[in-house]
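Data first, discussion second: the structure below is written as structure tokens.
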Amino acid sequence: MDTSKESSRLCVVGAGLAGAAVAYRLRDEPASVTLLEKSRGVGGRAATRRRAGCRYDHGANYIKDSDDRTTSLLQSLGTDGLVDIDGPVWTFDKTGQITESDRQESHKWTWEAGITQFAKRLLAETDAEIRKSTRVEALDYDDSTNQWRLTDTDGIDHGPFDAVVLTPPAPQTANLLSATRIPGAADVVATAANAVDDVPYRTIRSIILHYPFERDRPYYALVNPDREHDIGWLARESCKPGHIPAGEELLVVQMAPGWSAAHYDDPLDSVASDVAAMVSDLLDDDRLADPDWIDDQGWRYALPDSAVDTDVSSPLVEYDLYMAGDWVVGEGRAHEAFWNGIEVGEQLIDGR
């Protein structure tokens, strides 16, 4: 796509961090950007929910600074409300034995208003149009004009666009590729769809437990590195300024992939007591078996375990069809999704 043209139009499917990053990278280019987002918000798994005076990040917990560029970027978006979570992350094993971690802690950034601020602040720097509650169903390439048109599940047509970037999780992107029509390139599209569909994913169900009392502990979160416990991650939202009122505690309990897949569709009321009992046992506190309110969020495609084979997906660039996300990199980190989106934005500018 030649972004030097005033009339150039880009469509980004998905307004998660990768999609927001593409729009952010193109913010000073003359091309227009339209994001089609299936949900009612932005940020994808970098999501924040509010309830009963609490804010909690129920997907991605924070932005990790892999290097100085991430810290510089976050600060450039405005330091008001930006906080660094001070508490460390400790570990526990399959028996529930908690151990103080001796690994070097990197910065863990979030915002008082929640991690969804990342995508919101990125997009606020752009002129991108965001069409929410828009679930893309099919993509059609016109080889006579070299342009794209997309159709959503309500039958509404979007386009024409000079280029498209697909940013949903790999399995959902594979489905979109299967519904993509490029005259004379069916084999290329099918090969790419199969490669994207081969990216393995972990399913995670987050269970939220709220308590009307404080718990003072020396850690922010616990992680199970051996992956043999039914709990994979447990975080104290009270460690994040502005999230939980004084005198209360809220735990974000991300269940292990095996447990999450087995109980993904179980009603919350039927699993919350079991999860609360596990938490009570892990943290050796009988009070935790009885939260005063609960919530949950399922992430069927939470974390990729490897990267897509770009050798079979890159030929789509010839048709100005790109892909971005943490699954392109192969590491399920919020900052990785963002920086991959930046890289794809640079490809679009360079016409690669």
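No value in this document is a laboratory result; all are computed from the given coordinates. Not measured: the values here are computed from a predicted model. Neighbour counts run over all protein chains shown; Cβ positions are idealised from the backbone, glycine included.
At-a-glance table
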| read-out | value |
| --- | --- |
| Contact order relative to length of segment 254-352, as percent, for alpha carbon pairs under 8 angstrom and 6 or more apart | 18 |
| Relative pair counts by distance (%), Cα atoms of segment 145-302, 10 Å bins | 9, 29, 23, 16, 16, 6, 1 |
| Selected from Tyr301, Leu348, His263, residue furthest toward positive end of dipole (the chain; charges at beta carbon) | Leu348 |
| Residue pairs, from the table Lys132/Lys240; Lys38/Lys64; Lys94/Lys132, whose Cα atoms sit over 31 Å apart | Lys94/Lys132 |
| Sites Ala261 and Asp281 - FRET efficiency at Förster radius 30 Å, r taken between beta-carbons, to 0.05 | 0.85 |
| DSSP-defined antiparallel bridges as percent of all bridges, the chain, nearest 5 | 65 |
| Two-decimal Rg to Rh for segment 66-209 - Kirkwood Rh, Cα set | 1.08 |
| Along each principal axis, Cα extent of the chain, largest first, Å | 68, 41, 38 |
| Mean shadow area of segment 234-352 over all directions, Cα convex hull, nm² | 10.6 |
| The chain: relative contact order as a whole-number percent, Cα under 8 Å and 6+ apart | 24 |
| Segment 1-117: relative contact order as a whole-number percent, Cα under 8 Å and 6+ apart | 23 |
